[in-house]
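Structure first, then comments.
The values are calculated or read from the model by the stated rules, or taken from the named source; none is laboratory data. Predicted, not measured: the structure shown is a model, and the values here were computed from it. Positions of Cβ are generated from backbone atoms using ideal geometry, with glycine treated the same way; all protein chains shown enter the neighbour counts. Note: accessible area is taken over every heavy atom of the protein model, side chains too, but ligands, DNA and RNA are not part of it. Shrake-Rupley method; radii C 1.70, N 1.55, O 1.52, S 1.80 Å.
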Amino acid sequence: MKTLILSILLSLSLIGCTEKKAEPKAAPAADLSLGKSIAERTCKGCHGLEGGGAAPGIPHLAGQRERYLLASIAEYKDGKRTHAALKDMTANMSDPEVRSVVAYYAGLPPVANVAAANIQLSSPYQEGKALAVPCAKCHGEDGNSKTPGTPTLAGQQAHYLVTAIEEYHQGDRKAAIMGSMLRGSKKLDLEKLGLYYAAQTPAQRAAPPVGDPVAGEPATAMCGGCHGAHGVSTDGATPSLAGQDALYLVNSMKAYKKSRQNWGMQRYIAGLSDKDIENIAAFYSVQKSAPSDVVPSTVKELVDKCNRCHDADSNPAMVVPKMNGQDRDYLVMSLRAYRDGKRQSSMMHNMSFAYSNAMIESIASWYSSQPADKH
Ligand code: HEC
Ligand code: HEC
Ligand code: HEC
Ligand code: HEC
């Protein structure tokens, strides 16, 4: 029985394949006047008759690739993209109706976008650099600390830096100096600081004042699973230890025994003697670290990567939207949705999961201020 069903399914899918390969059977041509009347009746309130979003957060449809608009509506219909109103509106539309309204919008000239002068083109990296000026007197030039007991921030994971500062504010970590520092800062500013420091090159350290690196190495056997090989972390929530100030490492490990709150770390440190702790600190402090490579320094470098797909519509297997001139808020919302797994596209999720809100806002500002592509 199973094999029967399987073979039926198989032959069905084969039929499906051959049908796909053949030229699409002449689908009835889209009817532009029908499309316009549907737009007038159903879509105008939000997308206008000119295809421009009526409010921030509503995408422009004018001049968008027809294939992409069709694919989006199919996704709203079958629930892959969630939007209650669109699902209801499109549920009862026939295929020719959908094709017609999509053809109508795709054929319109792109909407004129907001003058670029109104949009602040910010590079989170540059802003982070400016915010980091007062930190240099303790954390060193470019985040390379030369003060025993003060951590190096260069090359540190951006997400971790934000968490660490929040922990000082919440009192999970006790340090009078850092507890008051940056209190009241916006999360966005902390993320910018994180991006800036992550991209700095950590300096190689000389022999540490305490401990024995050779004796420390075997004791780190179970640390690498989280902190990465030789202490270079590849996980945003876990700090790199490579190249860190040795005295700071000693202090922070001991802090987990007393006041610093982190259930996982408290467990790992509990069994270590003071001697072990010094040797481990010595080992990690002399390891070579590297700047984090997930952080391009300018928005331009970043969008060059994006445009490999978004500028072209050449790959028939992939349906990619145009983004130049798109509504800024809509771009912010959709990028966050991909990053946070609320909109399905594993490709776009992989592309965006490392981006902070600051990064996403800059990308959106950049695209929305570009002149829209001609047809
Ligand atoms: C109540 C307001 C509203 C109405 C009416 C509306 N839309 Fe939308 N539309 C939106 C919003 C908001 C989004 C973005 C939703 C999201 O985040 O996925 C959207 C997204 C879309 C998209 C995806 C665009 C992209 O760039 O991914 C298409 C296509 C679309 N709408 C077509 C239509 C059509 C066709 C109609 C009329 C049949 C219509 N919409 C009516 C608000 C509306
Ligand atoms: C007056 C000196 C001083 C200044 C100025 C200072 N810090 Fe610190 N910072 C410290 C010390 C000391 C520690 C270690 C505290 C501890 O043991 O937890 C620290 C810890 C940190 C940590 C935790 C690092 C880790 O590996 O867990 C971060 C993140 C940090 N500082 C960021 C900043 C930023 C960003 C600024 C500038 C806005 C700044 N600090 C300014 C002295 C300073
Ligand atoms: C299960 C994952 C995991 C393992 C295993 C682990 N760590 Fe950690 N470690 C973390 C996380 C997550 C943090 C950040 C916690 C926080 O915010 O306080 C951390 C923080 C630290 C810090 C503080 C760094 C800083 O910049 O403030 C040190 C030092 C440290 N770990 C050393 C070790 C050592 C040594 C071992 C092995 C004996 C080890 N860890 C094993 C996950 C782990
Ligand atoms: C490998 C090809 C590829 C690259 C590179 C790529 N994208 Fe995409 N992007 C896609 C595809 C395919 C979709 C449509 C996914 C879907 O159906 O939701 C998409 C959708 C989007 C959307 C939704 C737009 C809309 O109208 O709904 C945004 C925003 C976006 N990408 C931004 C970016 C940014 C920013 C970058 C660079 C950091 C980027 N993409 C890089 C392929 C790519």
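Some notes on this structure:
- Using the Stokes-Einstein relation with a Kirkwood hydrodynamic radius computed over Cα pairs, the translational diffusion coefficient of the chain at 4 °C and a viscosity of 1.567 mPa s comes to 53 µm²/s.
- Highest to lowest packing among 324-332, 98-106, scored as the average C-beta count within 10 Å: 98-106, 324-332
- Neighbours of residue 152, meaning other residues whose beta-carbon lies under 12 angstrom from its beta-carbon, give a summed charge of -1 when Lys and Arg score +1 and Asp and Glu score -1.
- Alpha carbon centroid spacing (whole Å) that separates the stretch 280-355 from the stretch 149-207: 23
- Ranked by the mean number of other Cβ atoms within 10 Å of their residues, highest first, the peptides 303-315, 162-174 come out as 162-174, 303-315.
- For residue 49 and residue 146, the difference between the fully extended length at 0.36 nm per residue and the C-alpha to C-alpha distance is 28.7 nm.
- Based on protein heavy atoms only, the stretch 124-285 ends up with 50 Å² per residue of surface accessible to a 1.4 Å probe.
- 21 Å tail of the calculated P(r), the stretch 24-111, as % of Cα pairs: 22
- Solvent-accessible area assigned to carbon and sulfur over the chain amounts to 60 percent, based on a 1.4 Å probe.
- Based on DSSP H segments of at least four residues, each scored -39500 (n - 2.57), the chain has a per-residue ellipticity at 222 nm of -14500 deg cm²/dmol.
- Heavy atoms of the protein chains alone define the surface here; on that basis the stretch 24-111 has 54 Å² accessible area per residue at 1.4 Å probe size.
- Projected-area average for the stretch 119-173 over all orientations - Cα convex hull basis, square nanometres: 4.8
- Computed label-point distance, nm, for sites residue 215 and residue 263 using a 7 Å Cα→Cβ extension: 3.4
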